[in-house]
Amino acid sequence: MTPGSRLRLATVWLSGCSGCHMALLDLDEWLFVLADLAEIVYSPVASDCKIYPPRVDVCLVEGAVANRDNLELALQLRARTSRVIALGDCAALGNVTALRNLCGAGVQHSAWEALDCAYRQLSDGEEVIPAAPILLPRVLPLHRVIAVDGVIPGCPPTAAAIRAALETLLQP
Amino acid sequence: MSGAESPLAAGRTITVAPLTRIEGHGRITLQLDASGRLAQARFHVDEFRGFESFCLGRPYGEMGALTARICGICPVSHLLAAGRAGDRLLGAAPPPAAQRLRTLLNLAQICQSHALSFFHLSSPDWLLGWESDPARRNLFGLIAADPELARAGIGLRRFGQELIERLAGRRIHAGWVVPGGVRSGITATTRRWILQQLPEARASVQLALDRFVPLLDGPLQRELASFGSFPSLFLALVAPDGRWCCGDGSLRLVDSLGRVVADGLCEDDDIAVLAERTEHWSALKFPYYRPLGYHEGLYRVGPLARLNVCTAIGTPWADCELAAFRDRHGTAASGGRTAIASFAYHHARLVEIVACLEGMEQLLVHPALLRGPVRAVGRGGSRTALGVSEAPRGTLFHHYSVDVNGLLTRVNLLIATGQNNLAMNRTVDQIAREWIPWPLPAAVEIAEPLLNRLEAGIRCFDPCLSCSTHAAGLMPLRVTLLDSGGQVLAERTRP
């Protein structure tokens, strides 16, 4: 099969733990089949391409939207992808990543409270808060910032669930 | 970009971001002086998730399941560190069978994580080549070019993951380790299954050794010499007799001559020998050995450190591989004892997979593994506790304080990758000085394979940036040139 005839698959990692991508790698030997079904055009675990490419057929998105980089990438991938799938509970619901929203006294200050705790209270030397990343006031699930075409639930989803979804999504 | 605030801002800055085949969101910058030479190279991490804050007020018993979600590659490490801290808070020393089962779980995780780092993420650089097409230089490229090796790597990772699933219920984020022990024992079926799988796993790691080690004498010689080769301290857990240890142990710190600098650290207060510094240009903090101060107190953790720190591994094949490792990488100054090249981390990972496979067999043939209780009764513990585990990437610390109700009042997580932060920065600096022809001409075109080498310097450490900033992502690559005012002169991103 020539590369041109395969569907273009991307995987993206926003704010999460990588567990959903590890579940993807838990497809084990089925990865050989996947290599025949799809061309991986962008992926943190399986590609060195640095820019999200145009004309992507399917994109699996792990993680919630927690900072400005996440938001920009989410908007970019939506514009360049036919079908966007939330992979796992952080992308679908916010999950553990969104526990940051509970920090501190109120919603407005949750990001600052978390930064202050990590970098000022639990660090030696000068009190410094790093310049990046720029946190959003609240951690959001993917569907709050872009339209999502499907969800593969789980923390993380099982490899079997990912395979079942891919077999459907990647039918030519 | 923080160039405008830096004393080095008179020159330009080259940025490499986002980095790929590395777990986490990061970038590299090269800052140039007025003459176009390298002033400083830096490795930045751009993630933050805030576990140390949002865990406050929660019951400490939740920490295993919660902190496992820091990282999907090494959730077992967090589970173990949280479990061990919980043992002390609860006053419940795990029974011998539970300790062995925890060790077995950790060996399985180190095996799968090292397989991921070596085969899936790093081997495309040298098996497909630094100069190969970036669109193909990955696991799927490896599947096409060398299916035998790809199958071996995938199989080895699957073995570790499946062992975790059979023992702990699921492959990722199993909640099986609890304060005082583990939730369930091992079945005779699982024990038999593991023993049946071991020969194939051994063959896979032998294949990797056969393919990789000869490259160190040939095409990878220059990388070995220039990818983060410098003296430093090394920190790892060791068993009471000084052997390699991935279970309960105490901390030992050695220098690059192999001399013991600190030893026997395992108590709550002992973590005070490690300090953390924050820099405005990275979300990843910079731990160091406090008595020697910031920078001088640079130490490395992980496979290389564990092999440098231990007296022996304690199983026949692994000790044989350790001797070969020291013969090859040990410096003359240390009498062949200590390896200082960070590129040797890759080799160290293979030696450790051997150690894990032999260690599993040793545990499985022990008659006590299938017998006795696997949870202890709590007898009242302390209000502050330290839990330590050897994660695939190095020593991991969870340090908790609780109130009378067992609700967390302070959480500090000192992560393996963070402890390599100073070393990763020095590695990037060394690679940039060695590989880029300075001064950089005005019309800058840095070739893609060179950018990849800068990233590969970071890949040696197999960093887990989700863990280290209690955050997440895989590193993608952009190089930016800034003028003295911080304006972008040129930017190059890999296609």
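The values are calculated or read from the model by the stated rules, or taken from the named source; none is laboratory data. Remember, it's a predicted structure, so these values are computed and weren't measured experimentally. All Cβ positions, glycine included, derive from the backbone under ideal geometry; neighbour counts span all protein chains shown. Accessible surface areas use protein heavy atoms only, side chains included; no ligands, DNA or RNA. Shrake-Rupley method; radii C 1.70, N 1.55, O 1.52, S 1.80 Å.
Out of B:R277, B:R326, one residue alone is basic (K, R) and modelled with pLDDT of 95 or more. It is B:R326. Looking only at residues in the range A:80-107 that are part of a loop (DSSP other than H, G, I, E, B), out of contact with any Pro (no Cβ under 8 Å at 6 or more places or on another chain) and open to solvent by 10 Å² or more (accessible area, probe 1.4 Å), the one that is nearest to B:L408 (Cα to Cα) is A:G104. B:E267 satisfies every condition listed in (1) open to solvent by 40 Å² or more (accessible area, probe 1.4 Å); (2) charged (D, E, K, R); (3) closer than 21 Å to B:T331 by Cα except (3). B:R136 meets the conditions (1) under 17 Å from B:A456 (Cα atoms); (2) more than 10 Å from chain A (Cβ to nearest Cβ) in every case but one. The failed one is (2). Residues being more than 14 Å from the chain's Cα centre (by Cα), buried (at least 19 other Cβ atoms within 10 Å of the Cβ), at the interface with chain A (Cβ under 9 Å from one of its Cβ atoms) and of a type outside the set (K, R) are represented in the range B:143-151 by at least one member.
Contact map, the range A:51-67: residues that are aromatic (F, W, Y) paired with residues that are in a strand (DSSP E or B), Cβ distance under 9 Å, separation 6+ or inter-chain. Pairs shown: A:Y52/A:A10; A:Y52/A:V12; A:Y52/A:V41; A:Y52/A:Y42; A:Y52/A:C59; A:Y52/A:T81.
Within the range A:54-79, being surrounded by 17 or more Cβ atoms within 10 Å (Cβ to Cβ) and either touching a Lys or Arg at 6+ places or on another chain (Cβ under 8 Å) or of a type in the set (F, W, Y) (or both) holds for A:V56, A:D57, A:V58, A:C59, A:V65, A:A66. Among the residues making up the range B:152-183, those that are within 13 Å of chain A (Cβ to nearest Cβ), in a helix (DSSP H, G or I) and of a type in the set (D, E, K, R) are B:R157, B:R158, B:E162, B:E165.
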